[in-house]
1. Looking at LEU208, LEU214, can you tell me which residue is modelled with pLDDT under 95, closer than 30 Å to ALA112 by Cβ and in the same structural domain as VAL232 (by TED's automatic domain parsing)?
2. Inside region 137-155, can you point out the residues that are surrounded by 16 or more Cβ atoms within 10 Å (Cβ to Cβ) and not hydrophobic (A, V, I, L, M, F, W, C)?
3. Residues of region 223-238 being surrounded by 13 or more Cβ atoms within 10 Å (Cβ to Cβ) and assigned to a loop (DSSP other than H, G, I, E, B), which ones?
4. Is it the case that region 14-37 has a residue that's surrounded by 20 or more Cβ atoms within 10 Å (Cβ to Cβ), farther than 25 Å from GLY140 by Cα, modelled with pLDDT of 95 or more and in contact with a helix residue (DSSP H, G or I) (Cβ under 8 Å, 6 or more places away or on another chain)?
5. Looking at (1) in contact (Cβ under 8 Å) with a residue 12 or more places away in the chain; (2) under 30 Å from ALA211 (Cα atoms); (3) among the small types (Gly, Ala, Ser); (4) in a loop (DSSP other than H, G, I, E, B), find the lone condition where GLY121 falls short.
6. Can GLY90 be described as outside any loop (DSSP other than H, G, I, E, B), crowded, with 17+ Cβ neighbours inside 10 Å and either out of contact with any strand residue (DSSP E or B) (no Cβ under 8 Å at 6 or more places or on another chain) or of a type outside the set (A, V, I, L, M, F, W, C) (or both)?
Amino acid sequence: MVTGIGSVQGARTVVMAYDATVLAGTQGWRNHQKTDRLLGIALKNRLPVVLFAEGGGGRPGDTDLPVVAGLHVPTFASFARLNGQVPVVGIAAGRCFAGNAALLGCCDAIIATRGSNIGMGGPAMVEGGGLGVFRPEDIGPSPVQHANGVIDVLVDDEAQAVDVARRYLGYFRGPAASFTAPDAAALRGVVPENRLRVYDSRAALAGLVDAGSLLELRTGFGVGIHTALGRVEGRAVGLMANNPQHRVARSTPTRPTRPRASRSSATPMGCRS
């Protein structure tokens, strides 16, 4: 676990990163102590937290204690105490399993790369539970996690994930010192006069907020509504817009016809064939 306190857009920020080159980024007892200390500093000083969660979770025999579940470590409670107190951003780039995935899931926003995997059990745990042998790439691939709402922002690589994390934290820094207003003329043709016609509500969102400030969240999940963060005259805002286009591209499947049973059929009354 590599930890530190640095400056993100001029504000102090806690950064924690599991080192996947050391025992596959797994969690040990000393690892948890180091993590807890920094989480306590973040809570006491109201510092945002960025977690790089690549790794394989707790190491059997290292984090286990002779109690009920064997996983009564304080790290998860310490992480949960940050909820509602400071912004917490999680980044998954690579394989993120078990305890690492549990911490990632507690973050306010989850940013993941397209080649990442997120699962509450890694291959060893899955096999040990008698559920079969799977490759790490088969467990919780990012397309699945993006579609089911686990991933808030899906990016191409870790560098892009860091850039999005910086943007996300920026919404909690107060009003922007400068901004570029959107082109008002661009909104004229967004909503059609005919209310029976669909339109691109994402274009409406982009036309409302300051130029370049829109950050869409969970684009793969719940496609009937768009959710995003942005700025209006430098001030951070949350945006929601119904998506009238989400069913337009879907073709209506042809329903197979079923021959109706005649009265002379041997099928009893009230039963379906």
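The values are calculated or read from the model by the stated rules, or taken from the named source; none is laboratory data. For clarity, every value in this text was computed on a predicted model and none was experimentally measured. Ideal geometry is used to build each Cβ from the backbone, glycine not excepted, and the neighbour counts take in all protein chains shown.
1. Result of the check over LEU208, LEU214: LEU208.
2. GLY140, PRO141, SER142, GLN145, HIS146, ASP152
3. VAL223, GLY234
4. Yes.
5. With respect to (1) in contact (Cβ under 8 Å) with a residue 12 or more places away in the chain; (2) under 30 Å from ALA211 (Cα atoms); (3) among the small types (Gly, Ala, Ser); (4) in a loop (DSSP other than H, G, I, E, B), GLY121 is out only on (2).
6. Yes.
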